[in-house]
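A single structure is presented below for examination.
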Amino acid sequence: MRFLLRNRTSERLGVFTSRSTFDALLNRRLLIALALVLAGAGCSRETGMTVANHSSGVITNIMVSGSGFSERIDRLAAGSEHRLIVHPRGESGVRVAFDAGDRHIDAGEQGYFEAGGAYRVGVIVEPDLNVTVTSELEKY
């Protein structure tokens with residue numbers, strides 16, 4: 001028995017002398033595709049970040065940005081936190097800017113983390129409105 005594969009223009013792509021040869025080739029291609037998908041899934045480029053407001057008032061118009069990402073949080077009540085996922089490109093720090101009452105605070109870029117999903121990043125707005133950034137390498 002012979003199996004013939006043809007493309008849309010009916011050009012001859014290959015002839016297989018048995019069904020098992022065709023199945024083996026198909027299985028090998030599927031395994032390679034599956035390996036590539038799983039390898040890509042293990043290299044997640046997203047990083048978890050928590051922004052916490054330890055000040056005594058509401059902060060608004062919060063912008064959190066870095067290499068390849070920029071996220072806006074409308075408002076954060078005193079004592080609350082907001083979790084988000086960012087997608088940095090390569091090495092990054094975090095720039096934080098926000099409004100507190102009639103003041104605009106731009107804390108500049110702080111901290112260090114890398115793409116790849118191995119870090120947890122914390123941004124804390126302190127009671128005096130200074131910003132602290134922490135990054136922790138997660139266990140593998």
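Each reported figure results from applying straightforward, stated rules to the coordinates on display, with no laboratory input. The shown structure was predicted, so the numbers you read here are calculated from the model rather than taken from an experiment.
Between I85 and E46, what is 0.36 nm times their sequence separation minus the Cα-Cα distance? Round to one decimal in nm. Could the numbers behind the result be given before it?
Details: separation 39, 0.36 × 39 = 14.04 nm, distance 0.62 nm.
Contour length minus the Cα-Cα distance gives 13.4 nm.
Could you give P(r) for the stretch 47-137, binned at 5 Å from zero, as whole percent values over all Cα-Cα pairs?
That works out to 3, 15, 30, 26, 15, 8, 3, 0, in percent per bin.
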